[in-house]
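Take a look at the structure below.
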Amino acid sequence: MVKKYKSKYPRKIFLIAGEPSGDNLGGNLMEGLLRIYPEIDFIGVGGPSMIEKGLVSIFPYDELSVMGITEVLSNLPRLINRKNQVVASILGDSFDAVVTIDSPDFNLRVAKSVKRGGYRNPVIHYVSPTVWAWRQGRVKKIRESVDHILTLFPFENEILQKSGISSTFVGHPIANIKPPDKQEIAHVSSHLWLDPDKPTLLILPGSRKSEITKMGPVFAKAAGLFQTKFPDYQIVVAPTPQFTGILKDRNKFGWPEGTRFFQTPGMDSSQRERMKLSLFSVSNLALASSGTVSLELAATSTPMVIGYDLSWLSRQIIGSMLLVDTVTLVNLITTTRTVPELLGKNLTPENLFIELKKIVSASSEHNAQIDILNHAMVSLGKNTQNLKDLPAQSVANYIESLQ
């Protein structure tokens with residue numbers, strides 16, 4: 001049960017999310033805060049999930065969705081302008097808290113600027129920056145800019161608190177997902193004209209344009225190799241809605257004959273998420289870009305192969321600073337390397353095909369993944385009471401503790 005707070009004036013919170021995974025986290029957080037506070041206003045930057053919960057977004061959130069060092073540099077003037085706009089909006093009003101969600105390169109700069117500008121109420125960052133993976137030099141910047149961090153992974157709290165950073169483990173909302181029922185699964189199968197008697201390979205090439213441009217052609221060629229060896233498999237590509245048109249360009253990507261594209265016109269974000277989850281459930285195997293999607297696949301016990309790459313320069317710089325030997329979240333959470341991943345120069349169609357073939361051909365590979373995927377969900381809070389309300393309750397408790 002959530003603890004409700006009454007305040008003399010309506011609470012006002014500024015939130016910032018710059019990509020779909022952050023938007024989903026923000027939407028869940030706002031839903032919880034609406035249960036805690038009788039009156040609350042949300043202003044900031046977010047996508048469809050947050051806007052549906054009442055956020056007034058001051059500009060389109062996907063303008064912040066840029067990954068990689070060279071990619072950021074090419075968009076730097078626009079990002080600086082947007083950062084300055086966000087900072088001015090925060091300092092020009094009276095907010096009870098600023099909640100920045102993921103996107104640390106942008107959000108930590110905002111946090112630092114508002115602190116320097118005289119903002120005295122709490123700045124709470126949701127999703128710990130990956131100081132355990134690379135760029136440990138950011139610890140000092142985090143400590144100076146952020147008052148409290150909500151962590152998604154249990155191992156992060158000890159690392160942050162050793163560095164003098166206040167934090168709370170709030171679990172991961174993916175662990176609280178209601179599995180799709182038979183009717184939902186039948187609906188997505190009918191929607192895509194899938195034959196229930198044939199297996200399905202799901203392709204997830206990323207949620208950013210830069211990822212799709214980089215990974216799309218490689219994933220498409222790997223899917224072609226896979227189709228030649230396993231012709232019974234149905235192939236489905238699931239892009240984020242704004243990139244469906246780009247990915248359907250066969251001349252650019254070369255998808256195998258008969259490839260289907262997951263499209264959900266007219267659906268709101270929550271309906272689309274349920275459809276996507278049903279698609280994950282009906283799929284026998286997935287080829288995906290690195291990121292939160294590996295946890296979504298884990299939630300539906302869908303075996304996967306992960307692939308990711310950046311520009312050559314970004315790869316060299318980030319590679320030199322990386323502190324871990326895997327970037328796949330399932331592997332990190334479970335301290336295993338069970339989910340195969342191909343990164344940088346190792347990301348080739350041939351290598352992806354080899355790993356996909358192993359899972360299909362060897363039951364031991366398949367079963368080992370299923371066990372690890374279930375382990376990951378338990379570690380993230382599956383079966384924990386009131387897991388969905390923990391992020392909002394933690395934000396509210398922190399605000400009230402300073403009143």
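The values are calculated or read from the model by the stated rules, or taken from the named source; none is laboratory data. Since the model is a prediction, treat every value here as computed from it, not as a measurement. Counting neighbours? That spans all protein chains shown, and the Cβs are built from the backbone with ideal geometry, glycine included.
Scanning the range 231-253 for residues that are in a loop (DSSP other than H, G, I, E, B) and either modelled with pLDDT of 85 or more or within 17 Å of Trp193 (Cβ to Cβ) (or both) turns up Pro231, Asp232, Tyr233, Ala238, Lys248. From the list Ser289, Ser283, Ser314, Ser294, the lone residue that is modelled with pLDDT of 95 or more and assigned by TED's automatic domain parsing to the domain that holds Val188 is Ser283. From the list Lys162, Lys198, the lone residue that is assigned by TED's automatic domain parsing to the domain that holds Ile333 and surrounded by fewer than 14 Cβ atoms within 10 Å (Cβ to Cβ) is Lys198.
Evaluating Asp147 against the criteria (1) modelled with pLDDT under 85; (2) not assigned by TED's automatic domain parsing to the domain that holds Val330 leaves one unmet condition, (1).
Just to verify a result, which residue in the range 60-101, among those that are modelled with pLDDT of 90 or more and of a type in the set (Asp, Glu), is nearest to Tyr398 (Cα to Cα)? In this case the residue turns out to be Asp96. If you go through the range 79-104 and keep only what is in a helix (DSSP H, G or I), in contact with a helix residue (DSSP H, G or I) (Cβ under 7 Å, 6 or more places away or on another chain) and under 16 Å from Ala17 (Cα atoms), you end up with Leu79, Arg82, Lys83, Val86, Val87, Ile90. Given the conditions (1) free of Cβ contacts under 8 Å to residues at least 12 places away in the same chain; (2) under 15 Å from His187 (Cβ atoms), and given that Leu277 satisfies all but one, which numbered condition is not satisfied? So the condition that Leu277 fails would be (1).
Residue by residue, here is whether (1) crowded, with 19+ Cβ neighbours inside 10 Å; (2) touching a residue at least 24 places away in the same chain (Cβ under 8 Å); (3) not assigned by TED's automatic domain parsing to the domain that holds Leu343 holds:
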position: Ile203; (1), (2), (3): yes, yes, no
position: Ser207; (1), (2), (3): yes, yes, no
position: Glu211; (1), (2), (3): yes, yes, no
position: Met215; (1), (2), (3): yes, yes, no
position: Ala222; (1), (2), (3): yes, yes, no
position: Gly245; (1), (2), (3): no, no, no
position: Phe253; (1), (2), (3): yes, yes, no
position: Phe261; (1), (2), (3): no, yes, no
position: Met267; (1), (2), (3): no, no, no
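Only a single item in (1) under 24 Å from the mean Cα position of the chain (by Cα); (2) at pLDDT 90 or above is not met by Leu343, and it is number (2). Tell me, please, whether a residue that is of a type outside the set (A, V, I, L, M, F, W, C) and in a strand (DSSP E or B) can be found in the range 264-278. No. Only a single item in (1) within 24 Å of Ile359 (Cα to Cα); (2) among the hydrophobic types (A, V, I, L, M, F, W, C); (3) touching a residue at least 40 places away in the same chain (Cβ under 8 Å) is not met by Ile235, and it is number (3).
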